[in-house]
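Student: One structure, as structure tokens, below. Some questions next.
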Amino acid sequence: MITLEYKGYKFEYDKVAKELYRVVKDGGVVVWVVGDKVKNGNKTLTSFKHALCFQKWDLMFADVMIYKKKNTPFMRSNSYTNYFEYMFVFSKENQTLSIH
């Protein structure tokens with residue numbers, strides 16, 4: 001089980017990925033929006049850990065989009081801030097996705 005803990009709250013994204021695979025129809029699409037924490041000027045890469053977990057449950061990695069958040073300063077207190085989040089696109093079966 002893969003668990004992320006934050007201030008006493010546990011987020012078991014491994015279980016979430018497994019359930020999403022179970023409930024999404026064949027050919028269905030999941031878009032997972034997640035950002036990374038910046039700690040001491042270093043990104044945690046939590047978003048990529050999530051993406052790899054989803055692949056483990058046979059959700060096919062189709063694409064990644066970057067969402068720029070509004071009103072977020074580029075730098076704060078001499079370190080970079082997260083002014084964007086990743087939007088990972090997964091599909092349930094091995095197919096080429098076309099977005100209309």
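Here, each number is a calculation from the coordinates, and none is a lab measurement. Owing to the predicted nature of the structure, the values given are computational and were not obtained by experimental measurement. In this analysis, Cβ positions are derived from the backbone assuming ideal geometry, glycine residues included, and neighbour counts consider all displayed protein chains.
Student: E93 to K56: extension gain in nm, 0.36 nm per residue of separation minus the Cα-Cα distance? Mind dumping the intermediate values first?
Tutor: Working: separation 37, 0.36 × 37 = 13.32 nm, distance 1.34 nm.
Residue separation times 0.36 nm, minus the Cα-Cα distance, leaves 12.0 nm.
Student: Which of the trypsin sites (Lys or Arg not before Pro) across region 1-50 are loop residues per DSSP, with 15 or fewer other Cβ within 10 Å? Each step should come with its number before you reach the end.
Tutor: Working: sites: K7, K10, K15, K18, R22, K25, K37, K39, K43, K49; in loops: K7, K25, K37.
In loop regions of region 1-50 (DSSP not H, G, I, E or B), the sparsely surrounded trypsin sites (Lys or Arg not before Pro) are K7, K25, K37.
Student: Do you know the relative contact order of region 4-91, to the nearest whole percent, from alpha carbon pairs under 8 angstrom that are 6+ apart? Mind dumping the intermediate values first?
Tutor: Details: 119 pairs, mean separation 29.6, N = 88.
Taking the mean separation of contacting Cα pairs over the length of region 4-91, I get 34 percent.
Student: So what J values fall out for region 37-48 if you push phi through Karplus, 6.51 cos²θ - 1.76 cosθ + 1.60 with θ = phi - 60°, rounded to Hz, Gly and Pro as x?
Tutor: Ordered by residue, 3J(HN,Hα) equals 7, 9, 10, 6, x, 10, 6, 7, 6, 4, 4, 6 Hz.
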